[in-house]
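Input: a single structure, listed below in structure tokens.
Readers should treat all values here as calculations from the given coordinates under stated rules, not as data from a laboratory. As the structure is a prediction and not an experimental result, all values here were calculated from the model. Note: ideal-geometry Cβ built from the backbone for every residue, glycine included; neighbour counts use all protein chains shown.
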Amino acid sequence: MEIIIMDFYISWSRSDPIFSNYFVNCKVLISPSNTLRSFNLGKWTNQPDKVIIDSSAFYYMFGRSAPPPKEIFKEQVRIIKGHKCLVTLCPFDYPISPGSGNTLNTFSAIEKTLGNAYEFLELYEKEELYNNPQIDSMGVIQGTDKSSIQFCVNELQRMGFKKFGLGSLAALYSPEEILRRVSFAADVAGVDRLHVFGISRLDVISQLKQLNIESIDSTRPTKAAIYNAIFYSNPFRTYGIKGSRNADKYSRILSIPLPCQCPTCKENPEMLLVTEGKKAINARAVHNYYHLVEHLL
């Protein structure tokens, strides 16, 4: 039986470690809203294996004023300047609020998403990105039930998209609802063409691996590092740091680093236990990334 490895993309922000400096085959998701305007991939000496550039739609979900889709596309093109890796661009989509049970609101978001996807393809063609084998596109799926998700996928397929990403999951707290929507999207788009955006729950990540989903992205390793959580794999488990402010939230507490071959622990394992400062957070993020990827292999 063929073993399928789910691609894991670490969601990256400008204050995070450059994971590709530590991991040759890492994959990164970048949102334009999380970068400086002077940034592009060409500035990284060690580029990731693959990069997804989303549209920052989640950033604009909660009342922030979004620029026109054309401006967002320009930001995406700016970010990929100097790239040597495979990059995938996504149209600007309209996420659906978790509390929105209104069918009219759902289909309004889908219509806007599809309209932006069509405009994105026109801009994509105008920039002649089709001619670059290192650049790809991904249609973004919106919807809350089987009929709305399938409608969105079918329309994106008619436009010519071959890869798809399922959105509006990052703010959901129900694993059952997340997996239900993923199942609907996978039935139409295919598991081998489906990326799932913004998954933070470790149990859901493991279940998506079992479903043979093509890829996911998450901020989990970095967010866990911020909250003084330390991952270890084989078996996968999470530790709090002894003496940290939120240590009581964890069933396991660490006072001495365990044996580990990650880049952080090879250099200075004691950094895992430092609870103040960005340097320590980034060291923990690198460590956590290593162990989450090990868990998913």
Quick one: angle between helix 69-79 and the longest Cα principal axis of the chain, in degrees between 0 and 90, rounded to 10, please.
40 degrees
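What ranking do Lys209, Lys279 get, fewest neighbouring Cβ atoms within 10 angstrom at the top?
Lys279, Lys209
So if a site counts as exposed when it's one of the GluC sites (Glu not before Pro), its DSSP state isn't H, G, I, E or B, and it has at most 16 other Cβ atoms within 10 Å, what's the longest stretch of the chain without one?
129-275
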Assuming R0 = 51 Å, what is the FRET efficiency of Tyr118 and Asn234, from their Cβ-Cβ distance, to the nearest 0.05?
0.65
When the Cα centres of the stretch 119-196 and the stretch 39-84 are compared, how far apart do they sit, in Å?
18 Å
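Going by average Cβ neighbours within 10 Å, how do the peptides 84-91, 18-25 rank, with the highest at the top? List each step's numbers first, then the result.
Values: 84-91: 21.2, 18-25: 16.5.
Ranking, from highest mean packing down: 84-91, 18-25.
Considering only DSSP beta bridges with both partners in the chain, what is the antiparallel share in %, to the nearest 5? Numbers along the way, then the final one.
Values: 4 of 33 bridges.
Beta bridges within the chain, antiparallel portion: roughly 10 percent.
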Nearest-0.05 FRET efficiency for Leu258 and Tyr227 at R0 = 25 Å, using Cβ-Cβ distance, is 0.85
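What chymotrypsin sites (Phe, Trp or Tyr not before Pro) in the stretch 139-217 are in a loop by DSSP, with at most 11 other Cβ atoms within 10 Å of the Cβ?
Those that pass, being in a loop and sparsely packed, are Tyr173.
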Per GNM of the chain with C-alpha springs under 10 angstrom, the most fluctuating residue out of Arg245, Arg220, Arg78 is Arg245
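Given the -39500 (n - 2.57) contribution per DSSP H run of 4+ residues, what per-residue ellipticity at 222 nm results for the chain, rounded to the nearest 500 deg cm²/dmol? Could the numbers behind the result be given before it?
Values: 8 runs with 104 residues, N = 297.
Taking each H run of at least 4 residues, the total per residue is -11000 deg cm²/dmol.
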